[in-house]
1. With point charges of +1 on the Cβ of Lys and Arg and -1 on the Cβ of Asp and Glu, referenced to the Cα centre of segment 26-134, which listed residue (133, 85, 98) lies farthest in the positive direction of the dipole?
2. Roughly how many nanometres apart are two label points built 7 Å out from the Cα toward the Cβ at residue 355 and residue 168?
3. Suppose every K and R has +1 on its Cβ and every D and E has -1 on its Cβ; what is the size of the dipole of segment 1-97 about the Cα centre, in Debye to the nearest 20?
4. In the chain, with Lys and Arg counted as +1 and Asp and Glu as -1 at Cβ, which of these residues, 118, 337, 45, has the Cα nearest the positive end of the dipole, that is, farthest along it?
5. If you average the sequence gap of Cα pairs under 8 Å that are 6 or more apart and divide by the length of the chain, what percent do you get for the contact order?
6. Mind listing the long-range amide H neighbours of residue 367? Cut-off is under 5 Å, sequence gap 5 or more, other chains count too, H placed in the peptide plane at 1.01 Å from N.
7. Rank 162, 138 by accessible area, highest first, at a 1.4 Å probe radius?
8. Enumerate the helices in the chain for which the Kyte-Doolittle hydropathy averages -1.0 or more and the C-alpha atoms extend at least 20 Å along the helix's axis, using complete DSSP H runs.
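The values are calculated or read from the model by the stated rules, or taken from the named source; none is laboratory data. Please read all numbers here as calculations on a predicted model, not as lab measurements. Methodologically, a virtual Cβ is constructed for each residue, glycine included, from the backbone with ideal geometry; neighbour enumeration extends over all protein chains shown. To get the accessible areas, we keep the full protein, side chains included, count just its heavy atoms, and leave off ligands, DNA and RNA. Shrake-Rupley method; radii C 1.70, N 1.55, O 1.52, S 1.80 Å.
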Amino acid sequence: MSKRIGVLTGGGDTSALNATLKGIALKAEELGFDLFGFMEGWRGVLKGGRYLDLTPDRIDENYGGTILKSSRTNLIASNRLDEAIDNLKKLKIDWLIPIGGDDTMTVGVELSKQFIIASVTKTIDNDVGLNPPDGSSVNYSKMLNYFCPGFPTAASRLIQYVQDLRTTAYSHNRIFFIEAMGRDAGWLTLASAYGGADLIVVPEIPYEPDRLADTIRSKHIENENVIVVVSEGIRNQKGELMITSKKELDAFGHTRPGGCSEIIAEAMRLRLSKEFPSATFRHIILGHLQRCGSPTPLDRDCAMKAGALAVRALDEGQLNGVATIMRTETGIEPVLYPMDQVIKRDENNKVIPRSLDLRFYDKANYQISPAGAEYFRPIFGDLPESRRHSLDAADFGEI
Ligand code: F6P
């Protein structure tokens, strides 16, 4: 008898979600399975939830966001896991494919104890998976989930903004503080090196205002403009998020980050404006501009292949697996791993987000390290020279 697969997308959207759905839908059609798309994440499987007969022709893999919409519904906190399972059974769903990040998978792992699932990761934060084993050399092929679909596109958007802002930074002797997304991890922020960011401040290392001011000072003396990319998840020395907005918790109990670039810009202005009277300090929160729009070809293709792999795995009896993206001898390709190998949980059964591997970061210079550039090479190629006007003191006549 034909199998029925349910699929849903949870958490923040990404540009590659429709591509994953397309991969799932094409493989399901090929194998003769019915596909039920539940609307708005986990909310779709609850009473009042909606679903869609998801055929490949309905999905445009080159269009961002998710045709299934998304939400941050927490079935565990609301005690509605049993209700969801009853509904899945009522609809005669055999297998469920939740596509999501750490929060969606916190629910997914619990559900998998009673219902068969296969998962495909997604998140622009790139924080689902495991870093390569510790050691002085990095074995990239041992990184479980090389990247999460959605991350390469968000990173390429950030890179473009950083690169473009250089022209204005030059024209106005500006010190820009650009705030990148990434609630817990600095992966996205680190990618800004490819846009020529002068300084990169990641959330894995507590904020050090004096050291940052010293580094900005030397960069400004060199170039008269500085681009600092800061992660929204930066914490102060007490471990607190630096936010300007009202403290707001989402369904998974996370404080919404936002505004650290403004706080840091002001702190740096107070420290440096007397020394650099012509410098102007500005902050920019890129926010959802990083998450929207169409996927890059690499992101789209990997997402489609990962989606197809999840369906194939279920068909072949590999249950409760995660379709990861791996770096292999031959390139980047999806590989299925058992869920408990890819996803680690804390004492409260919450999925632990993957931090930036600090071997990829040059802490002393607020920059990407050679190992970090090697990490990004299959995604963005070699680290380019930053494009900027280069003038030095000898070029100017002085009055
Ligand atoms: O979790 C992914 C993410 O994009 C984070 O980087 C960011 O903090 C958050 O979602 C923002 O979510 P929302 O869409 O609710 O503003």
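1. Of 133, 85, 98, it is 85.
2. In this crude spin-label approximation the distance works out to 3.4 nm.
3. Rounded to the nearest 20 debye, it is 340 debye.
4. Of the listed residues, the answer is 45.
5. 21
6. 200, 362
7. Values: 162 0, 138 30 Å².
Solvent-accessible surface, decreasing: 138, 162.
8. 17-31, 151-171, 297-315
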